[in-house]
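Here is the structure we will look at, set down as C-alpha cells.
The values are calculated or read from the model by the stated rules, or taken from the named source; none is laboratory data. Computed from a predicted structure; not experimentally measured. Note that we place each Cβ from the backbone using ideal geometry, even for glycine, and neighbour counts take in every protein chain shown. To get the accessible areas, we keep the full protein, side chains included, count just its heavy atoms, and leave off ligands, DNA and RNA. Shrake-Rupley method; radii C 1.70, N 1.55, O 1.52, S 1.80 Å.
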There are 2 protein chains.
Amino acid sequence: VPFPSIPELIKKKRDGAALTPAEIEHLVIGVARGSVESYQAAALLMAVFFRGLDDTELAAWTLAMRDSGRTLDWPGVAGARIDKHSTGGVGDKISIPLAPIAAECGLRVPMISGRGLGHTGGTLDKLESIPGFRTQLSIDEITSAVREIGVAMGGQTADLAPADKMLYALRDVTGTVESIPLIVSSILSKKLAEGLDGLVLDVKVGNGAFMKDADSARKLATRLVAAARLAGCPAVALLTAMDAPLGEACGNANEIEESIAVLRGGGPPDVAELTVALAAEMLVLGRAAGSLGDARALAKRSIDTGAALERFRKLVARQGGDPRVVDEPSRLPTAPLRAPIKAPSDGFLTSAHAGKVGLAVVALGGGRGKTSDTIDPGVGVWIRRKPGARVARGEVIYDVAYRDPGRFEVGRRLLEESIEIGPAPSPAMPLIVGRIDG
Amino acid sequence: VPFPSIPELIKKKRDGAALTPAEIEHLVIGVARGSVESYQAAALLMAVFFRGLDDTELAAWTLAMRDSGRTLDWPGVAGARIDKHSTGGVGDKISIPLAPIAAECGLRVPMISGRGLGHTGGTLDKLESIPGFRTQLSIDEITSAVREIGVAMGGQTADLAPADKMLYALRDVTGTVESIPLIVSSILSKKLAEGLDGLVLDVKVGNGAFMKDADSARKLATRLVAAARLAGCPAVALLTAMDAPLGEACGNANEIEESIAVLRGGGPPDVAELTVALAAEMLVLGRAAGSLGDARALAKRSIDTGAALERFRKLVARQGGDPRVVDEPSRLPTAPLRAPIKAPSDGFLTSAHAGKVGLAVVALGGGRGKTSDTIDPGVGVWIRRKPGARVARGEVIYDVAYRDPGRFEVGRRLLEESIEIGPAPSPAMPLIVGRIDG
C-alpha cells in the first residue's frame with residue numbers, strides 16, 4: 001500500500017486521527033533524509049502539539065527517531081546496559097557519582113549526556129572542568145570504554161538519532177518545544193540508541209525544573225515510562241524535588257568536587273541520598289540486585305570500599321582527564337574573586353529559588369543563555385544554608401566565585417532575589433516525591 | 001517596543017492569545033521578505049488552523065497580505081470600483097457576463113480572477129478559449145483598460161499580494177488549506193489590492209462547492225463580509241446553490257458561448273438570474289442604483305439594449321481576443337468527438353452531482369488536477385436535462401465533446417455516477433440560499 005502524501009498525513013494528525021507506526025516511520029525518517037521538507041515537519045510538529053500522540057504512536061515516533069541513525073550494540077557483553085536520564089535541574093551532578101557506582105556494581109553504563117542550557121546545568125560541561133577530560137567520544141570509543149571499564153560518559157554524536165537533532169532544532173524556532181510527546185520522544189530516542197536493557201528517569205519537579213508541579217511531572221514520567229516499555233526498554237521514573245538547588249555546589253568545577261566528596265562517602269546528604277536511590281533503581285532494573293534494599297546496600301558498599309571512587313578515577317584517566325583531581329580537587333579550575341551573599345534579616349530560610357540560582361550561575365558565566373555560549377568552569381555558587389535553616393541577619397547564605405565584576409552584579413541580584421526569609425520554616429518538598437514503575 | 005521573537009509570536013497564537021495588528025503585520029510582511037522562515041510560517045499557519053483569528057486579527061492579516069505588494073489606485077477615476085468573487089463551482093461562468101454589465105451600468109470593474117483547480121473551473125481558463133485573448137495583464141494594463149472601457153479581466157500578477165501567493169503555496173503542502181480565516185484572508189487580500197470601493201461575494205453551497213452545507217457557507221460568508229468591512233471595503237455576500245452545475249455548459253469554450261447567450265438576453269434561466277442578482281448587489285454597493293429593484297432593472301436594460309454585449313465585445317478586443325466570436329461562436333475551439341450520456345431508467349432526475357460533473361470535465365482535459373496541467377478548451381459537457389426534470393430511459397442527459405477516447409471513458413463513468421433518478425423530484429435548493437450584508 002503506498003503511503004498517503006505528506007500533506008495528507010499532516011492532515012490526518014491535524015484532524016485527530018492516529019497515525020500508523022509505518023506512517024510515523026515514513027514521516028520521521030523522511031525528516032532525516034530530507035524527503036519531508038522542514039516546513040512540513042514544522043506543521044506536523046504543531047499538529048502534534050495540539051493533538052498529542054497516543055502511546056502506540058509515541059513508541060513508533062521514538063523508535064523511528066532512534067533508527068534514523070546508528071545504534072550501539074553489545075555482542076558478547078556481559079552485564080546489563082542501564083542508563084539514567086534527568087530532565088534537568090540546578091546543582092544536579094548526580095550522573096557523575098552515579099555512573100561509576102553503577103558500573104562498579106556490575107552494570108554497563110554507556111551514558112550519553114547533554115550540555116547545560118538556560119538555568120539548568122549539563123553533565124558534559126561539568127566533566128569538562130576536569131583538565132583534559134574529553135566528552136566528544138566516537139561510538140567506538142564509547143563501546144570500547146564500556147567493554148573495558150564498564151562506563152563511558154560522552155556527548156551526543158552526529159550519527160546518533162539525527163532526526164531528533166533536526167526536529168529539536170526545528171521545535172526551538174517554531175514554538176513547538178512544550179509538547180509532552182515530543183519531549184518524551186526526544187529524551188528516549190537518544191537513550192534507546194545506546195542499546196539499553198533498562199532506563200531510570202529522574203523527573204524533576206519545582207521552580208528549577210521544566211515541570212513546576214508534581215501533577216505535570218507525574219504525567220511526563222508516566223508517558224516516559226510507558227513509551228520506553230512499549231519501545232522495548234524497561235524503565236522506572238523517580239519524581240524528585242527541584243524547588244531548591246541539589247546539594248551545595250552549583251557551577252561546574254565545584255560540582256565535580258562535590259561529586260568526588262559523595263564518592264568518598266561524604267557530600268551533601270541530598271546528593272548522597274539521591275545518588276544511592278537512583279543507583280538502586282538501576283541495579284534492580286539490570287538484575288544486579290533482587291530488591292531495592294539489597295541494591296542500596298550494594299551501592300553504599302561500593303562507596304564505602306572506595307571501589308566506586310577508583311572506578312571514577314579510571315573513567316577520568318580513560319577519557320583524557322587528569323586523575324590527580326580525584327585526590328587534589330585544588331587542581332580543578334577556580335575563579336579568582338570571591339564574595340558572600342548574606343541574609344537580609346533574621347528568621348527561617350523559606351526558599352533558595354532553584355531557577356534563580358541557576359540563572360545566577362549562567363550570569364556569572366558558568367552556564368549558557370544560548371547554545372553557542374562558552375562556559376567558565378571555575379565560577380559558581382556554594383549554598384551555605386539550605387531551606388529550613390534558621391538564619392541571622394548578615395549570615396552568609398551563598399558564597400560566589402566569579403571572574404567579572406559586571407557579571408557578578410547580575411548574579412548577585414538574582415541570588416538576592418532567590419532568598420526568602422520567613423518567621424517559620426515552610427513545609428519542604430520531600431527529596432523523592434514519587435515513583436512510577438509502569 | 002521591540003517585537004517578541006518569531007517563536008514567541010508563534011507561541012502566543014498557539015496558546016490562544018490574540019496577536020496585535022502590529023505583530024500580525026510583522027509576521028506576514030516577514031514571510032514576504034524572508035525574515036520569517038518558511039518552517040516558522042508553517043507552524044504559525046497550523047496554530048491559526050487550531051486557534052483561528054478573531055475579526056481584528058483577520059482584518060490585520062488581510063491588510064498585511066494586501067500590503068505585501070503593490071495595490072491599484074485610481075486617482076481621478078469617476079465611478080465606484082466594485083468587483084465580485086465566487087468561492088468556485090461547476091459551470092460558474094457568471095463573471096464573464098457580469099463584468100461588462102456592471103461596467104455598462106457605470107461601475108469600474110478591475111476584475112482579477114483565478115484559474116481552475118480540481119473540480120472547479122476558472123474564469124481565466126474560460127476567457128483564454130477565445131482565440132488571442134490575453135489574461136496576463138500588467139497592473140498598468142489593468143488600470144488603463146478600466147479607465148478607458150470600465151472593465152479588465154486579468155490574472156493575479158507577481159506584484160499583487162505576494163505574501164498570499166507564498167502562504168497559499170505553503171498551506172497547500174502543509175495541510176493548512178482548510179482554515180476559514182486563512183481562506184478569508186487569501187480571498188480578500190487579492191481583491192482589496194484592486195483598490196475597491198465594494199465587493200460582492202458569491203459563496204457557493206453544495207456538493208460542487210468548497211462548503212457542502214448552508215451552515216458552513218454562512219459562517220464563511222459572515223467572516224468574509226465582516227473582515228472586508230473592517231479592512232475598509234463594504235461587502236455583501238450571496239449564498240448560492242452549487243449542488244448541480246450552474247447553467248447548461250461546463251467546460252471552457254462552451255461556457256463562453258453560454259455567457260454570450262446571457263448577454264444577448266437568453267441563456268439558461270439560472271445563469272441569467274444569478275448574473276442579474278449579483279449585478280444588482282454590485283450596483284447598489286457602488287451607488288449606481290438606489291435599491292436592488294432599480295439595480296436589477298438597470299442591469300436588465302443593459303442586456304436588452306445590447307449595450308452590455310457591446311461592452312463585452314470591447315473587452316475581448318482590448319485584451320487581444322477575436323471579437324468575431326461574439327457573433328460567430330463557431331469560431332471558438334471545439335473538440336472533434338461527441339457522445340451522449342443517457343438516462344439509465346425512467347423517472348425524475350433527482351441529482352446531477354456538480355462535483356462529479358466537474359471532475360468529468362477535468363478528466364476530459366478541460367480542467368486541472370494539478371496547477372501545472374494545461375487546458376483543452378474545446379472539451380466539455382452540456383447538461384440537457386436539469387434536476388427536477390422527468391426523464392425517460394435512453395433520453396440524453398449530457399452531451400460530451402471530447403478529443404481522447406481514454407479520457408472520455410473516465411469522464412463517462414463520472415457523468416454516469418453523477419446521475420440519480422428517483423420516482424419523484426427531490427426538493428431543489430433555491431438558486432439564492434441566503435444573503436449576508438453585515
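When A:Lys191, A:Lys12 are compared by accessible area at a 1.4 angstrom probe, the order from most to least is A:Lys12, A:Lys191.
Tell me the carbon and sulfur percent of the accessible area for segment B:97-150, rounded to whole percent, probe radius 1.4 Å.
So the carbon and sulfur contribution to the accessible surface is 46 percent.
Close amide H partners of A:Met211, meaning residues 5 or more places away or on another chain with modelled amide H under 5 Å apart, are A:Gly206. Relative contact order of segment A:56-170, taken over Cα pairs closer than 8 Å and 6 or more residues apart, is 33 percent.
If you look at the Cα atoms of chain B, you get an Rg and a Dmax of 21.7, 74 Å.
Put the Cα centre of segment B:323-358 next to the Cα centre of segment B:291-317 and the gap is 27 Å.
Rolling a 1.4 Å probe over the protein heavy atoms leaves A:Arg218 with an accessible area of roughly 90 Å².
Taking every protein chain into account, the 1.4 Å probe leaves B:Glu178 with about 70 Å² of accessible area, to the nearest ten.
Ordered from highest to lowest accessible area with the whole protein assembly present and a 1.4 Å probe, B:Thr174, A:Thr143 read as A:Thr143, B:Thr174. Of the residues A:Ile341, A:Leu364, A:Val325, the one whose Cα sits farthest toward the positive end of the charge dipole of segment A:308-438, with +1 on the Cβ of Lys and Arg and -1 on the Cβ of Asp and Glu, is A:Val325. Counting heavy atoms of the protein chains alone, A:Asp373 has an accessible area of about 50 Å² for a 1.4 Å probe.
What percent does the relative contact order of chain B come to when contacts are Cα pairs within less than 8 Å and at least six residues apart?
20 percent
Taken as Cα centroids, segment B:395-438 and segment B:185-228 sit 24 Å apart, rounded to the nearest whole angstrom. Segment A:1-44 and segment B:91-162 have their alpha-carbon centroids 39 Å apart.
Inter-copy label distances at A:Ala17, using a point 7 Å along Cα-to-Cβ, come to 3.6 nm with the shortest given first. Where only DSSP H runs of four or more residues are counted, chain B gives -14000 deg cm²/dmol as its mean residue ellipticity at 222 nm, each run worth -39500 (n - 2.57). Specify which residue in the list A:Leu199, A:Ala295, A:Leu274 is farthest towards the positive end of the charge dipole of segment A:198-310, using unit charges on the beta carbon of Lys, Arg (+1) and Asp, Glu (-1), about the Cα centre. Checked the options; the winner is A:Leu199. Rounded to the nearest 10 degrees, the inclination of helix B:139-149 to the longest alpha-carbon principal axis of chain B is 50 degrees. When the residues B:Asp437, B:Asp202, A:Asp304 are ordered by accessible surface, computed with a 1.4 Å probe over the protein chains alone, the sequence from largest down reads A:Asp304, B:Asp437, B:Asp202. Using C-alpha pairs under 8 Å with a sequence gap of at least 6, the mean separation divided by the residue count of segment B:335-438 gives a relative contact order of 43 percent. With unit charges on the beta carbons (Lys and Arg positive, Asp and Glu negative) and the dipole taken about the Cα centre of segment A:120-160, which residue among A:Ala145, A:Phe133, A:Gly121 sits farthest to the positive side? Sorting the options by dipole projection puts first A:Gly121.
Output the pairs from A:Lys204/B:Lys11; B:Lys93/B:Lys212; A:Lys12/A:Lys84; B:Lys314/B:Lys370; B:Lys84/B:Lys212 with a Cα-Cα distance over 26 Å in this structure; if there are none, say none. Before the final figure, lay out each step's value.
Numbers: A:Lys204/B:Lys11 24 Å; B:Lys93/B:Lys212 20 Å; A:Lys12/A:Lys84 35 Å; B:Lys314/B:Lys370 33 Å; B:Lys84/B:Lys212 21 Å.
From A:Lys204/B:Lys11; B:Lys93/B:Lys212; A:Lys12/A:Lys84; B:Lys314/B:Lys370; B:Lys84/B:Lys212, over 26 Å: A:Lys12/A:Lys84; B:Lys314/B:Lys370.
Angle of helix B:38-51 to the longest C-alpha principal axis of chain B, folded into 0 to 90 degrees and rounded to 10: 80°. Which shape class applies to the protein assembly as shown: rounded if a/c is under 1.5, otherwise prolate when a/b exceeds b/c and oblate if not, where a ≥ b ≥ c are the square roots of the Cα gyration tensor eigenvalues? Judged from the Cα gyration tensor, the protein assembly as shown comes out prolate (a/c at least 1.5, a/b above b/c). Using a 1.4 Å probe over protein heavy atoms, the accessible area lost on pairing B with A, summed over both chains, comes to approximately 1800 Å².
Accessible surface calculations at 1.4 Å, restricted to protein heavy atoms, place segment B:1-98 at 36 Å² per residue. In the assembly of identical copies, B:Gly369 has its label point, taken 7 Å from Cα in the direction of the beta carbon, separated from the corresponding points by 5.6 nm (ascending, one decimal).
Rg and Dmax over the alpha-carbon atoms of segment A:1-118 stand at 18.5, 52 Å.
Shielding of B:33-46 by partners, i.e. mean partner chain Cβ atoms within 10 Å per residue?
Average neighbour count from other chains, rounded to a whole number: 6.
Taking max minus min of the alpha-carbon positions on each principal axis, segment A:178-274 gives extents of 39, 30, 20 Å, largest first.
Taking Cα centre as origin and charging only the Cβ of basic (Lys, Arg, +1) and acidic (Asp, Glu, -1) residues, the dipole magnitude of the protein assembly as shown rounds to 60 debye.
Each other copy places its own label point for B:Pro336 at 9.4 nm from this one, sorted shortest first, where the point lies 7 Å along the Cα-to-beta carbon line. Using alpha carbons only, the radius of gyration of segment A:356-408 set against its Kirkwood radius gives Rg/Rh = 1.06.
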